[in-house]
Number of protein chains: 4
Amino acid sequence: MSDTSQTHIITAHCPSQPGTVDVVTRYLYQQGFYINEIHSFDDTDVNHFFIRIQFRPNNEQPFDLALFEREFNERASAFNMQWQLASSAYKAKVVIMVSKHDHCLNDLLYRYRTGDLAIEIPAIISNHPDLEALAKWHGIPYYHLPISKDTKPEQEAQVWQIIQDSKADLVVLARYMQVLSNEMCQKLSGKAINIHHSLLPGFKGARPYYQAYDRGVKLVGATAHYVSDDLDEGPIISQGVETVDHSYYPKDLAAKGRDIECLTLSRAVRCHIEHRIFLHQKKTVVFAK
Amino acid sequence: MSDTSQTHIITAHCPSQPGTVDVVTRYLYQQGFYINEIHSFDDTDVNHFFIRIQFRPNNEQPFDLALFEREFNERASAFNMQWQLASSAYKAKVVIMVSKHDHCLNDLLYRYRTGDLAIEIPAIISNHPDLEALAKWHGIPYYHLPISKDTKPEQEAQVWQIIQDSKADLVVLARYMQVLSNEMCQKLSGKAINIHHSLLPGFKGARPYYQAYDRGVKLVGATAHYVSDDLDEGPIISQGVETVDHSYYPKDLAAKGRDIECLTLSRAVRCHIEHRIFLHQKKTVVFAK
Amino acid sequence: MSDTSQTHIITAHCPSQPGTVDVVTRYLYQQGFYINEIHSFDDTDVNHFFIRIQFRPNNEQPFDLALFEREFNERASAFNMQWQLASSAYKAKVVIMVSKHDHCLNDLLYRYRTGDLAIEIPAIISNHPDLEALAKWHGIPYYHLPISKDTKPEQEAQVWQIIQDSKADLVVLARYMQVLSNEMCQKLSGKAINIHHSLLPGFKGARPYYQAYDRGVKLVGATAHYVSDDLDEGPIISQGVETVDHSYYPKDLAAKGRDIECLTLSRAVRCHIEHRIFLHQKKTVVFAK
Amino acid sequence: MSDTSQTHIITAHCPSQPGTVDVVTRYLYQQGFYINEIHSFDDTDVNHFFIRIQFRPNNEQPFDLALFEREFNERASAFNMQWQLASSAYKAKVVIMVSKHDHCLNDLLYRYRTGDLAIEIPAIISNHPDLEALAKWHGIPYYHLPISKDTKPEQEAQVWQIIQDSKADLVVLARYMQVLSNEMCQKLSGKAINIHHSLLPGFKGARPYYQAYDRGVKLVGATAHYVSDDLDEGPIISQGVETVDHSYYPKDLAAKGRDIECLTLSRAVRCHIEHRIFLHQKKTVVFAK
């Protein structure tokens, strides 16, 4: 949240071995960069190493991206390291998909318009017309793309076109109540976040608040996860929870759940756009603030 | 937590209909009782009414239990009301069953010896000898009843004998790592509380912390529930939860989980002995403080 | 959250004595009302009794308010009981006061326009012009009433006029960054809720997030309280909290705090409009859902 | 919680400047150490840098402490860096001071005897005789050192003697209900942790649960902090909190608070013995797991 105009973020991961920290920090030091923040994790279970460093030039010199890539790539390849560089000033392009429930959309739009989430929203896509006014008030194009069993491939093609045209960095399913096709899931792998209104793996599938009510739980929660072709089994990013009791009928659970969904989803989106998440196999490493 | 020597608790439930509150409060008033605390719940989903009232005599007159039963029963039967009366001063007899993990046992024993839980513990039963010293230091008989596939019926008979001999009001499975037979579960129906180290219905069955680790959850929790013959499907009484992240290996989840288990189980036990729980069909109504 | 068209709420309080529950429940029963929900509290410290009952007619008969008042008043006066009757269907008129920070306003407006909070908002008053567009989009009159040391009495007179003209049941200071005069506080006693962005009594006064930063706290929170003429000493209604660490600068505390403020304030407003709060001396009794 | 027999922890801090990360990681790499875990924080407010690295030898070579100190000191001094090296296998010697309340002591002893906290407890000191049996059962020497206004200097001298004789690394005031003299506080600076039963800075001083009750708070909490000569103003390490309502009298707050105190204090002790805390001016940097 400091001045980000000059700040960059490098994220990298590779098989565990000695020197993985040094290879990154050394290069940054040699180039005269100042390290603001460093997070790393060495997963001793799968022997994999993850690092995220936020840094800035220590002087007035302009950042030479091409040089950085050329020089650092050499060092990284010796470690089989995959890496990415991003500018903190870059505003991620986020396409939001939604159906009729507007609480998550409304929350994301508020954070967008106040700058709490430093994002651009090139498009809002919905299978219903209901939320167009909200989109319009924020000056965001709204695409009403109805869907039926028969038109699904066609509709998904349209959705995909919009995602591509808007050069979206991230797709957020903010209570989009349609199951994406496997093909679509694969295209969006690691680039789409869904909010599911239960504490996964509890209450997968449809109507989780009704399922929770029937089971008589004393906690209600929500889970933000990357979309995968195995429904509600995608890698978990964040989870939120609140206490409830016997007096909560499904609509009461849903009401309390709405606040949890908003907080849980926006936290996941923030972590993603700040490059704090590594998706590795079926799990995530999240260097949350 | 006030002076309980004179305080009584009436709990009652019946099909919903007008007058269910009045039939109880009116009688208490007529008999000169003073109501300290009243909780009720009218479940509009199953049309069932639940009430719990804590009251005390308003004068020096001794409490005439027989009279109360006779007089109130008449009134209650007009409502098909099932009811129970208990003295707040009565200390419930709680038999604790345990295997090798001692954190829940230790926690319950601490609350027992300091009076935080107003209970008696006539027996601790274990399929292992390990925790005898802890039991002895608290002056509580420890029954080491090993179990194998072949000896299970016999062992359970011994367990049942101890439960009966000690006139136990409640059996607490404080990390007793054996599945009870269906027969035993039925005998203990509504009188046995188990702590499961996950947020049910997530991660039923064996080694929930390993399951949670594999799924990459961002919350770890525990569930206290009444024992039923459908494993880990018993009515939930209380649940607890804490945040975790990618750096938690199963043993770290277990370490964090231990504190949650203790708090969640002791809360359930407290609610049970204070007659704050109604077990209705597959769910509970809990008038928690 | 059930059908409220026929539901009423009675709230009452009086000095503690036997029969306080019975006098209310008996009358409701005699009149053929059905009790949906009952909460009571007998404060043994100050010997005062509080009760809230939600009830509905058990038949098609129209509710005769005048009769109720006449008949019940007689009974209540024998207990020195102060009481109020309200229809669940009535939408409280809430005037919102705000300065430049819009997060609480935005949250309240969302809950208003979706019906999550069953209120009307006849006016939004601000000492700044900034939030007019937001008000307009919701079709709510926005009164820009600037304030300076010299114009304070005059400005407060205008505010008071709007409150009276709109027949406001409640005034919500949703980050209104002006200290009200004692006179204004007294006029609004029990009818105005403020959100303070700290865990009172910690960090009273100005810039609480900076105070919290300087003290190095590990939790950040917010407090909703009734306005009183003793600044930040008003009766507390609800408090919320989240964990933070050393890496949170004041603006990070403020960012995290915004979510807590919204949740804490909306919870207080909900409790107030549902008649769940009793203001007694310097404290509140809150029968929260 | 992995095998710690070979693991070491280096903690270091210095004024912020480029190269502070590199100077540490580079040396570790050159010496063939493997980095398990790295945390750092660059405080842009006071321009100070903090780093903690957990590492282990990458081969069978024994750790040459003298060599490390000589070589690294040279590098560190160029950065004005203060640093410390510790073996993860070392068990910190913790002296516990207590009065009559035993919940925190009991909790710490449980974690000690199960190895959850890898500590030694050479002495328990109390101004009351009450908790001797508990100490004895754990085989720990118990020093009953009564205190009065007149004998305070003398008693503190005895306390100090025990702390020195036992070579204590840490003193934990586990509800020791005496105010230490300024002299004693200074001797113990950075080496003594106190648990205060409120959310500081709210409710400093005596009887915080009574203060909290009088103020009508809706949250109750506890604060673990380093002891300083400014009472209840010491640097905060950890804070815990739970929701309460109007029905909590002071003894109910105390009962709920006991659990919070135990969790908050043990978390602070764990962070301290794992060298996760930097005490800087009046605040702490805590690299908590």
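The values are calculated or read from the model by the stated rules, or taken from the named source; none is laboratory data. Treat the numbers as computed from the prediction; the structure is a model and nothing was measured. Cβ: placed from backbone, ideal geometry, glycine included. Neighbour counts: every protein chain shown. Note: areas computed on protein heavy atoms with side chains; ligands, DNA, RNA excluded. Shrake-Rupley method; radii C 1.70, N 1.55, O 1.52, S 1.80 Å.
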q = 0.21, 0.22, 0.23, 0.32 Å⁻¹: log10 I(q)/I(0) that the Debye formula gives for region A:103-150, counting C-alpha atoms only: -0.71, -0.76, -0.82, -1.28
Can you list, shortest first in nanometers, how far D:ASP64 lies from the same residue in the other copies, with each label 7 Å from Cα toward Cβ? 4.0, 9.4, 10.2
Find every distance from the label point of D:HIS138 to the corresponding label point in the other copies (7 Å from Cα along Cα→Cβ) and write them in nm, one decimal, shortest first. 1.7, 5.3, 5.4
Amide H contacts under 5 Å for C:GLY19, placed H, 5+ residues apart: B:ILE35
Please quote Rg/Rh for region B:120-279 to two decimal places, taking the Kirkwood radius as Rh and restricting both calculations to Cα atoms. 0.97
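Between exposed GluC sites (Glu not before Pro) in chain B, where DSSP calls loop and at most 16 other Cβ atoms lie within 10 Å, what's the longest gap?
For GluC sites (Glu not before Pro) (loop position, at most 16 other Cβ atoms within 10 Å), the longest site-free span of chain B is B:61-232.
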Whenever you get a sec, line up D:HIS280, B:HIS275 from highest to lowest accessible area (probe 1.4 Å, protein heavy atoms). B:HIS275, D:HIS280
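For region C:92-286, what proportion of DSSP beta bridges, expressed in % and rounded to the nearest 5, is antiparallel?
50 percent
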Taking only Cα atoms, what is the 0 to 90° angle, nearest 10, from helix D:250-273's long axis to the longest principal axis of chain D? 20 degrees
Taking only the alpha carbons of chain A, the radius of gyration and the largest Cα-Cα distance, Dmax, both in angstrom, are 20.6, 63
Leaving ligands, DNA and RNA out of it, work out the accessible area of B:VAL220 with a 1.4 Å probe and give it in Å² to the nearest 10. 10 Å²
Considering only C-alpha atoms, what is the centroid distance from region B:214-281 to region C:205-255, in Å? 31 Å
With a Förster distance of 35 angstrom and the Cβ-Cβ distance between D:ASN182 and D:GLN17, calculated FRET efficiency to the nearest 0.05 equals 0.45
Expected response for nearest chain C Cβ to the C-B rotation axis, distance in whole Å, is C:THR25, 2
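Using the Kirkwood formula over every pair of different C-alpha atoms, what hydrodynamic radius in Å results for region B:67-110?
14.2 Å
Under 37 °C and 0.692 mPa s, how fast does the protein assembly as shown diffuse according to Stokes-Einstein, given a Kirkwood radius computed over C-alpha pairs? Answer in µm²/s, whole number. Before the final figure, lay out the partial values.
Values: Rh = 32.4 Å.
Calculated translational D: 101 µm²/s.
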Per its Cα gyration tensor (rounded if a/c is under 1.5, else prolate when a/b beats b/c, else oblate), region A:40-81 is best filed as oblate
Spherically averaged projected area in nm², based on the convex hull that wraps the Cα atoms of region A:187-289: 6.4 nm²
Only counting protein heavy atoms at a 1.4 Å probe, give the residues of region D:170-208, ordered by number, whose accessible area falls by 50 Å² or more when the other protein chains are present relative to the chain alone. D:PRO201
7 Å from Cα along Cα→Cβ at both A:SER247 and C:LYS136: what's the point-to-point distance in nm? 4.3 nm
Assigned charges on the beta-carbon of Lys, Arg, Asp, Glu; chain A dipole about Cα centre (debye): 380 debye
Length-normalised contact order for region C:92-286 - Cα pairs under 8 Å, 6+ apart - percent: 19 percent
Trypsin sites (Lys or Arg not before Pro) within region B:50-158: DSSP coil, no more than 14 neighbouring Cβ in 10 Å: B:LYS100, B:LYS149
Expressed as a whole number, the average count of other chain Cβ atoms within 10 Å around the Cβ atoms of A:32-39 is 5
Plugging the Cβ-Cβ distance of A:LEU85 and A:ASN59 into 1/(1 + (r/R0)^6) at R0 = 25 Å yields, to the nearest 0.05, a FRET efficiency of 0.85
Apportionment of accessible area to carbon and sulfur, region C:8-87, percent (1.4 Å): 41 percent
Environment charge at B:SER99 (Cβ cut-off 11 Å; Lys +1, Arg +1, Asp -1, Glu -1): 0
Computed label-point distance, nm, for sites A:LYS100 and D:LYS149 using a 7 Å Cα→Cβ extension: 7.5 nm
With the label 7 angstrom out along Cα to Cβ, how close does D:LEU85 come to the same site in each of the other copies, in nm, nearest first? 3.6, 7.6, 8.3
Low-density loop positions, chymotrypsin sites (Phe, Trp or Tyr not before Pro), region A:182-229 - DSSP coil, at most 10 other Cβ in 10 Å: none
So what are the ³J(HN,Hα) numbers for region D:129-134, from phi and the Karplus equation (6.51, -1.76, 1.60; θ = phi - 60°), rounded to whole Hz, Gly and Pro as x? x, 4, 9, 5, 4, 4
Longest to shortest principal axis, alpha-carbon extents of region B:1-139, angstrom: 55, 42, 23
Rounded accessible area per residue of the protein assembly as shown, 1.4 Å, Å²: 42 Å²
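Starting from the Kirkwood Rh over alpha-carbon pairs, what translational D in µm² s⁻¹ does region A:8-87 have by Stokes-Einstein at 4 °C and 1.567 mPa s?
D, rounded to a whole number, is 101 µm²/s.
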Using the alpha-carbon atoms, what tilt in degrees (0 to 90, nearest 10) does helix C:152-165 show relative to the longest principal axis of chain C? 40 degrees
Under 12 Å from a point 7 Å along the Cα-to-Cβ line of D:GLN161: which residues of region D:84-114 have their amide N that close? none
What's the total accessible area buried between chains A and B, using a 1.4 Å probe, rounded to the nearest 100 Å²? 2800 Å²
Counting only other residues whose beta carbon sits under 10 Å from that of C:THR243, what net charge do I get with K and R as +1, D and E as -1? 0
Run the numbers on region B:266-289: which residues show a drop of 50 Å² or more in accessible area, chain on its own versus all protein chains together, using a 1.4 Å probe over heavy atoms? B:LYS283, B:LYS289
Would you calculate, for chain A, the mean residue ellipticity at 222 nm contributed by helices, counting each DSSP H stretch of 4 or more residues as -39,500 (n - 2.57) and dividing by all residues, to the nearest 500? -10000 deg cm²/dmol
